[in-house]
Amino acid sequence: MATNAYHDNGTDDTAGKTRQLLELIKCTAITSECNSALLIGPRGSGKTTILKSILQELDQIKEVKNNLLQVHLNGLVQRDDRTALKEIARQINLENTLGDHVFGSFSETLTFLLEALKSGGKSSVSILFVIEEFDLFAQHKNQTLLYNLFDISQSAQTPICVLGLTCRLDVIELLEKRVKSRFSHRQIHLCMTLSFKDYIEVFCLTLNLPTSFPDKKFAKAWNYHVKVLSTDALVQAVLQKLYNLNKSIRHLHMLLILPVCETSEARPYLTAADIANSYKNLGLDSKASMLHGLSVLEMCLIIAMNHLSQIYDRDPFNFEMVYSEYQKFVQKKSSVQNFEKAVIVKAFEHLQSLEFVLPLEGLASSRAQKEYTQMYLLIDPAQITDAVQKYAGLPTEIQHWARSSLC
Amino acid sequence: MDTEFDVLGFAELHSNLPYRNRQIDTLVALFGEPTQKTVSSIFIYGHTATGKTVLVTALLATLQVPHVVINCVECYTSSLLFEAILDNLSDHKPSAANGYSSVWHCDNLNDFLRLFRSLLEEKAKQGETVYVVLDKAERLQERDALLFAALLRLQELTGCNVCVILISELVWEKFSGAHGYEPLQMHFPDYSRGQLLDILCLECPSGHSKEFYRNYVSLLLSMFHLACRDLNELQYLAQLHFAEYCRPVTSGEANVDDIRKLWKNIEPHLKVALSTLYLRESSSCQVEETAHHLVKPGGATSLNISQTRANIEQPFYSKFLLIGAYLASYNPAKSDRRFFSRGRVGKRKKAIKTKTNAQLLGPKPFPLDRLLAIFYAIVDDKVAPTANIFTQVTSLVSLRLLSRTGADDQLDNVKYRCLVSFDDICSIGRSVRFDIIRYLYDYI
């Protein structure tokens, strides 16, 4: 798999850290030690992937497989500690035991669960707790789950190993003092240390068809094509630009998905033009495309707001000011069609619903009239000049007006 | 590439949704074979009425793949959302027979994922991709950002073959809580003028030639295209005014090809419609009725508008109270002496004009005493401060012509502000023969 190659091609550091983690979990399983660790790394640096590969490897070792129970929690899914506890009970197959008893405090329930495990005959079963989005658990009330888990890991009643995965560097600061003191402060940092050469290799590996592909001849031709593509100058330029923006593999996948999906019997191989096109689509300015679809009246309002921002140094404005600016323009140029004030209010509200302008205090208060609430324009002047040029069918007077006070 | 799918159904799809061939092809390419894994989430954005929801629903129905379409405005709580998805997947419709209940009661994400996974394994269908479409996705994101982030990675969390399609009018930058998972973005471009014309002509009513309808729609577009690109609004206008457009032809006054006559007939109606665009001040029946009376162009148009925006007639003193309130809101307190004192106070030097007109900044709050002082100054005859006057102030507040600032239980130092616009105040002033411009600070 391409992602395995990524970890092998990284610096030796990553391999060493993987080894360290593996030994940690092995210790809990075999020698019934209690451990805790935090795996910290930015999004897309491979935390979950490393963990999955470690667990796969450990599954092969019979001793570990028989002695280790796994509980997987996720901060996005279990939003409070009660749900987390139910989930733990379910994952260690003890939900029935829990259902009959009602306990007051969290720690009592947790101890009860762990005792129940022990009494099941296997006196040395260890549990591995994998907590993804660890920082979200730190925002629960009193951090009860974390406190209890770390407490058990310190007091060594049951051999458990707590592994937290998070992308926040300052996650230790989020923990309360009592939780922090029970944590072993073992932090493993993962950083993406991929060089550009390795990045291109990952590109090839991602696109390569595995040997298990049924049509061997096509697989060989395809792989050869991919190799040629990776040496192509255009493709290398695109990959360099992408690499400079964001080194993560997920971003690379986003580039490659559409060209790969669009291969068909008529076009069986990828070309450099496909990849360049896909890169252009990735970098499309979404706001500019939305500006293109506005009506002429709404475009005039945006130009009026732009002028106002320039005159008043980006102070917030309100609808009446925009309206008077628009009226000044219409009175100067009689050929421009004028609209009723109510229609212009509707156009302004449409811009507000598209979030091109937003009121100052978040939601507009019900006391202030909507024509007088202060607003901010959320589009760059450069985007507006671009949009005015690309707009199909904008009358020339309006174009001149847009360009007029940009001196 | 998709020989499994019904070719006939596709042709119908392409003809019903013109100018969206590229989007249909891209989506079909992304979906691939039913058993292949699709990308984890797709984000579709574009202006109103560009065919986003209609295309996605029609495409999924044509492909006959298992899918759920959820409108995030309808499902405004998490439990509604979860139960709607689960009901849809288990082919259960809440009806009178089962008391409009859902199959499962589910209000947190943990249970939802478990039930979702078990449902999918039951339904299996050899592991076909299930599509979950979330329409108006921005509502879900502003309500519960973590739930939104979790739904974006539904594929990873459940381990099943599921794809989440988000549809919204806002650009992706506005969605802040994605927690690192970016969906594949797809833009639905707006229709150009020619494309709008073609799409509107698709709805030609029976009994008229396509050519005739096309002329009508192009006339309509020439008037409205500057202010309105929304297909929904244009379709409504086309339907509304078609009967009036056909009237000269049916009554024998004009020929089908006599475009000038038809244009002269319909022009005043379209002008009125342009001045009340989007406003829906009169329902469609009312418009059709008044269309009969609007034979003379020009003078009659203003009548129509004033009929619909009828000002409520005020008692005499209420009008002066309103005028006083307007002056109190828009004049600074220091200028009151100059305007309203009996003897002429010596001319002060002209105050420096503020950078922005006070009219533009909005009404300022004023205390009740100031209002009454100005009121007594501008009313000619002697008025006693009876309860009558004070109740009129309160009734103005309930008519939303004045508004009260401060808490409702505050009994002393009550402040008000005037909510009437300049044009309305001028017309009120004219009706009592009071020249308001003379008393406004910004117009000296």
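The values are calculated or read from the model by the stated rules, or taken from the named source; none is laboratory data. This one's a predicted model, so the numbers in the text were calculated from it and none came from an experiment. Methodologically, a virtual Cβ is constructed for each residue, glycine included, from the backbone with ideal geometry; neighbour enumeration extends over all protein chains shown. For accessibility, only protein heavy atoms count, side chains too; no ligands or nucleic acids. Shrake-Rupley method; radii C 1.70, N 1.55, O 1.52, S 1.80 Å.
Worth a mention:
- Residues of region B:237-266 satisfying the condition of being away from chain A (no Cβ under 14 Å) and either among the small types (Gly, Ala, Ser) or within 29 Å of the chain's Cα centre (by Cα) (or both): B:Ala238, B:Gln239, B:Leu240, B:His241, B:Phe242, B:Ala243, B:Glu244, B:Tyr245, B:Ser251, B:Gly252, B:Ala254, B:Ile266
- Residue within region A:372-388 that is in a helix (DSSP H, G or I), of a type in the set (Ser, Thr, Tyr) and touching a residue at least 40 places away in the same chain (Cβ under 8 Å) present: no
- The listed residue being modelled with pLDDT of 85 or more, closer than 16 Å to A:Gly164 by Cβ and among the small types (Gly, Ala, Ser), out of A:Ser36, A:Ser53, A:Ser45: A:Ser36
- Answer residue from region A:284-316, given it is without any contact (Cβ under 8 Å) to a residue 40 or more places away in the chain and away from chain B (no Cβ under 12 Å) and is most open to solvent (accessible area, probe 1.4 Å) among those: A:Arg314
- When the residues of region B:190-210 are filtered to those that are part of a helix (DSSP H, G or I) and within 14 Å of chain A (Cβ to nearest Cβ), the one that is most open to solvent (accessible area, probe 1.4 Å) is B:Arg193.
- Contacts under 7 angstrom Cβ, first residue in region A:242-258 being farther than 15 Å from A:Thr193 by Cα, partner acidic (Asp, Glu), 6 or more apart: A:Met254/B:Glu182
- Scanning region B:161-215 for residues that are small (Gly, Ala, Ser) and in contact with a Lys or Arg (Cβ under 7 Å, 6 or more places away or on another chain) yields B:Ser168, B:Gly180.
- When residues of region B:126-145 are limited to those that are of a type outside the set (D, E, K, R) and closer than 18 Å to B:Ser168 by Cα, the one nearest to the chain's Cα centre (by Cα): B:Ala137
- Residues of region B:228-266 satisfying the condition of being at pLDDT below 85 and outside any helix (DSSP H, G or I): B:Ser251, B:Gly252, B:Glu253, B:Ala254, B:Asn255, B:Val256, B:Asp257, B:Asp258
- Residues that are of a type outside the set (S, T, N, Q) and either facing another protein chain (nearest Cβ under 10 Å) or not in a loop (DSSP other than H, G, I, E, B) (or both) within region A:268-282 comprise A:Ala272, A:Ala273, A:Asp274, A:Ile275, A:Ala276, A:Tyr279, A:Lys280, A:Leu282, listed in sequence order.
- Some residue of region B:62-77 being within 14 Å of chain A (Cβ to nearest Cβ) and under 18 Å from B:Leu134 (Cα atoms): yes
- Selection within region A:189-209 - surrounded by fewer than 19 Cβ atoms within 10 Å (Cβ to Cβ) and outside any helix (DSSP H, G or I): A:His189, A:Cys191, A:Met192, A:Thr193, A:Ser195, A:Asn208, A:Leu209
- Residue within region A:234-249 that is of a type in the set (D, E, K, R), within 12 Å of chain B (Cβ to nearest Cβ) and assigned to a loop (DSSP other than H, G, I, E, B) present: no
- Subset tally (residues that are out of contact with any Phe, Trp or Tyr (no Cβ under 7 Å at 6 or more places or on another chain) and either surrounded by 12 or more Cβ atoms within 10 Å (Cβ to Cβ) or aromatic (Phe, Trp, Tyr) (or both)) for region B:372-396: 7
- Selection within region A:317-341 - more than 11 Å from chain B (Cβ to nearest Cβ) and open to solvent by 10 Å² or more (accessible area, probe 1.4 Å): A:Gln327, A:Lys328, A:Val330, A:Gln331, A:Lys332, A:Lys333, A:Ser334, A:Ser335
- Here the helices (runs of 4 or more DSSP H) wholly within region B:310-396 that include at least 2 residues being modelled with pLDDT of 75 or more and more than 22 Å from B:Gly406 (Cα to Cα) are B:316-330, B:336-340, B:368-378.
- Filter result for A:Glu371 (within 14 Å of chain B (Cβ to nearest Cβ), modelled with pLDDT under 85 and crowded, with 18+ Cβ neighbours inside 10 Å): yes
- Scanning region A:154-184 for residues that are in a helix (DSSP H, G or I) and open to solvent by 10 Å² or more (accessible area, probe 1.4 Å) yields a total of 10.
- Restricting region A:44-80 to residues that are surrounded by fewer than 15 Cβ atoms within 10 Å (Cβ to Cβ) and among the basic types (Lys, Arg), the residue that is farthest from the other protein chains (Cβ to nearest Cβ) is A:Lys62.
- Considering region B:107-159, and only residues there that are on the phi > 0 side of the Ramachandran plot and touching a residue at least 24 places away in the same chain (Cβ under 8 Å), the residue that is farthest from the other protein chains (Cβ to nearest Cβ) turns out to be B:Lys125.
- Candidate set from region B:39-61 (those that are in a loop (DSSP other than H, G, I, E, B) and within 9 Å of another protein chain (Cβ to nearest Cβ)); member that is surrounded by the most Cβ atoms within 10 Å (Cβ to Cβ): B:Thr50
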